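Q: Below is one structure. I have some questions about it.
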Amino acid sequence: MPELRLDRVTKQFKNKIAVDEVSLSLKEGVYGFLGANGSGKTTLLRMLCGVLRPTSGEIFCNGMEIGRLDGEYRCMLGYLPQDFGYYPDFTAKRYLEYLAACKAVPKDLVHDKVQEMLRFTGLEGEQKSKIKTFSGGMIRRLGIAQALLNDPEILVLDEPTAGLDPKERIRFRNMISTFSKGRIIILSTHIVSDVDFIADQILLMKQGRIVGQGTCGEVTESVRGRVWEYVAEPEEAQRLNKKFAVSGLRNETGSVHLRLIANECPCEGALPVEPGLEDVYLYYFEEASEYVQDLERGNA
Amino acid sequence: MDSKMKWRFPVDERRKAACMREIRLQVEEKRFRRYPSFAENVWNELRFQSPWHWALQGGVLFAALLVAVWGSRRAGTDSVNIAASSVFIVFAGNICLSGVARLFSWHMAELEQTLYLNLKQMICIRMLEAGVVDSGVLAILTGVGGGCSVSGTGVYFLYMLVPFLWSDVLYLYMLTAFRNLFSGFGQTAAGVICGLLALFPAFLEKAYQPDYVPVWAALSVAGILVLGVELYRIPGKIERGEHVCLN
């Protein structure tokens, strides 16, 4: 069973610190990194895959630094980058065969493995088509197929569901759940429902740091008492919408149902409600929440 | 025989079968990894090159032969032959390195860097392949062209080596400095610029005179050194990763 350990990992690009002293221990299970754009998720994932070298700190796999493990570590790894690369003039089959060879998949297994992955991702009928003829969703599925080709013990998926339609997204979630036994699966996304369904552990990233970590229940519990529902007049709703982070807004005849995020009761008559993961996302990543905190501190 | 039998421990077949079953289960659960040899990696990298790529490499060698034979039949026109061969060797280098440039195209570099045979190793293999074809071109042009030249084969080799080395320096620099630019239009533009530079000595009256051989020798040595630095720099740049992610 693999174990990954990050020891005060930092990545700095000139003056910008993209990842700031992140320390983590990852064992078997699905880990979902949740964060806004620019929070450092992709940089952290790239360092986990050995694409980027940390400015300081180290990443260990089973107690050994991943740079020292070199090819042995890469053999354990499956990676789907955010900007998934492919050769457009290759057919899907040839592309997977090429990557299987580069991933050191034993020759006698390549054919079966490629066919299995094509079936798994629903691309079996398109195996002889050139990738340049594929839709965005099909390319994403091909990306998932290549990541699973070598039966990886550590699977890193950066925005895996981007471009997938709802049916494909559900299929992907089920696929990850069945695949997760005995492996570390790390996925980054800003689609809250993805991690909500499949992640055993959720890691909230903001400005290069892990600001929250726990199971879905634990993470949502951290914002209990900060999610409110309120029925307002349209004008008042407009004012509240500007002032607070709003995770839900429903228009009804003559009134607006609002779901607000605020540390304290935002207005008279607002009722605290059960928080969800989307509320957590907004609480941690929505600029308005900072505005609310400032307001409550009396700075705004 | 009897004395040996006396010291044998009695085997509990039931427990032995249970132990064997446990071992079998552990073995089945264990993941076996295969680490291909260097030769196998080279073969894997080369066999997925397109037929078009191999036709191009073969075409370059064949064209080199044609240029060399054409030059050898034009005895007494050394500077024209050298200029034509110089321009050809520059274009040949450009075509040969297209396999390396391809690794950086279509956002493939980031993914390739995470494979068992990673980007750094792929580049080494493709550079090796480009180097072999390029050296073949150099050998053909020098061997055939130099034999008929009044300058002699050694000096003719120097005249070829300078554009060969310096154009490769520029191509390799472009490969990493301007990221995705060394493909398509960028690659063609680099080839044209190098071709024009290779043609330049032909316009200098004494450039191919014996007096200037030390200059050609100095340029060759400098070219070897700069190319060496460039070849050393590329893997380091890839290892740091920023270049790979921005390709």
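Q: Could you work out the relative contact order of region A:61-193? I mean the mean sequence separation of Cα pairs under 8 Å and 6+ apart, divided by the number of residues, in percent.
A: Rounded, it is 31 percent for region A:61-193.
Q: With contacts defined as alpha carbon pairs under 8 Å and 6 or more residues apart, what's the relative contact order of region A:219-293 in percent?
A: The normalised contact order for region A:219-293 reaches 42 percent.
Q: For chain B, find the longest principal axis of its Cα atoms and tell me its angle to the long axis of helix B:13-29, 0 to 90°, nearest 10.
A: 20 degrees
Q: Still on this structure, I have one more. Test of understanding: what is the full-extension gain from A:V231 to A:L249, defined as 0.36 nm times their sequence separation minus their Cα-Cα distance?
A: Contour length minus Cα-Cα distance gives 5.5 nm.
Q: Using the alpha-carbon atoms, what tilt in degrees (0 to 90, nearest 10) does helix B:185-199 show relative to the longest principal axis of chain B?
A: 50 degrees
Q: What are the membrane-span-like helices in chain A by this rule: whole DSSP H runs, Cα extent along the axis at least 30 Å, mean Kyte-Doolittle hydropathy at least 1.0?
A: The qualifying helices: there are none.
Q: Could you work out, residue by residue across A:43-50, how many beta carbons of other chains sit within 10 Å of that residue's beta carbon, and then give the average as an integer?
A: 3
Q: Sticking with this structure for a sec: Give the shape of the protein assembly as shown as rounded, prolate or oblate, defined through the alpha-carbon gyration tensor: a ≥ b ≥ c are the square roots of its eigenvalues, a/c under 1.5 means rounded, and otherwise the shape is prolate if a/b is larger than b/c and oblate if not.
A: oblate
Q: Given 0.36 nm per residue, what is the gain on full extension from A:E72 to A:E3 after removing their alpha carbon distance, in nm?
A: Extra length available between A:E72 and A:E3 comes to 23.4 nm.
Q: Using 1/(1 + (r/R0)^6) with R0 = 56 angstrom and r between the beta carbons of B:F185 and A:E274, what's the FRET efficiency to the nearest 0.05?
A: The computed FRET efficiency comes out at 0.45.
Q: Based only on other Cβ atoms within 10 Å, what is the fewest-to-most ordering of A:M205, B:M108?
A: Ascending Cβ contact count within 10 Å gives the list B:M108, A:M205.
Q: What whole number of Å gives the distance from the Cα centroid of region A:170-225 to the Cα centroid of region B:201-218?
A: 68 Å
Q: What base-10 log of the normalised intensity I(q)/I(0) is obtained for chain B from the Debye formula, alpha carbons as equal point scatterers, at q = 0.09 Å⁻¹?
A: After summing over all Cα pairs, the log10 values are -0.50.
Q: Which whole-number percent is the relative contact order of chain A (Cα, under 8 Å, 6+ apart)?
A: So the answer I get is 20 percent.
Read the figures in this text as sums done on the coordinates, not as results from a lab. What you see is a predicted model; the values in this text were computed from it and never measured. Cβ sites come from the backbone with ideal geometry, for glycine too, and all protein chains shown count toward neighbours.
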